[in-house]
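Working notes for the structure below.
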Amino acid sequence: MLVVQAPQRLFTFTGEVEQMSEQASQFTIEQFYRHILQGKLMGAKCKQCGKIHLPPRILCDKCYSKDFGWVELPQKGKLLTYTVIHVAPTQFQGMAPYAVGIVELENGVKIPGMIRGIAIEQIKIGMSLTIDFGTCAATQEWPQWPRYYFKPA
């Protein structure tokens, strides 16, 4: 028996993992990227408290519910912060320097992503961005995830 102490509740897991596995399998990072491949930005919305999780997870960190539904998220937002990568991982070295930022979507959900389609010198905190599901120039052997990035709105 595994006992997990949470800030407001105490959970005891005995055989519940098998019961939740069918529903939990719907809310995986793999499923998130399947939606990206279809040109949709989807989050897992807790049916109990309404919190939207991105990336998806199997347990709400606000109310500890395991009852989720997929919800399509807005594709526009504003840039909260960013950094410019000059020394990149191997698969992105051909793109350096490039910008990566945190974008707050119109519904308040925050998501990280690469910023493209604008000169680095023109990127400004607070600027409007939109998500693009186009291809990414980076190649790597594993994992082969569909890509998304942000561009000026």
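General remarks:
- Complete set of residues in segment 44-55 that are surrounded by fewer than 16 Cβ atoms within 10 Å (Cβ to Cβ), out of contact with any helix residue (DSSP H, G or I) (no Cβ under 9 Å at 6 or more places or on another chain) and not small (Gly, Ala, Ser): 47, 48, 49
- Qualifying positions in segment 61-82 - surrounded by fewer than 17 Cβ atoms within 10 Å (Cβ to Cβ), in the same structural domain as residue 104 (by TED's automatic domain parsing) and hydroxyl-bearing (Ser, Thr, Tyr): 81
- Here the condition is being at pLDDT 95 or above and surrounded by fewer than 18 Cβ atoms within 10 Å (Cβ to Cβ); of 58, 29, 85, 36, it holds for 85 alone.
- So residue 98, is it on the phi > 0 side of the Ramachandran plot and over 15 Å from the mean Cα position of the chain (by Cα): no
- Residue match in segment 105-122 (condition: in a strand (DSSP E or B), surrounded by fewer than 16 Cβ atoms within 10 Å (Cβ to Cβ) and touching a residue at least 12 places away in the same chain (Cβ under 8 Å)): yes
The values are calculated or read from the model by the stated rules, or taken from the named source; none is laboratory data. The model shown is predicted, which means the values in this text are computed figures rather than measured ones. Cβ coordinates were reconstructed from backbone atoms using ideal geometry, including for glycine residues, and neighbour counts include every protein chain displayed.
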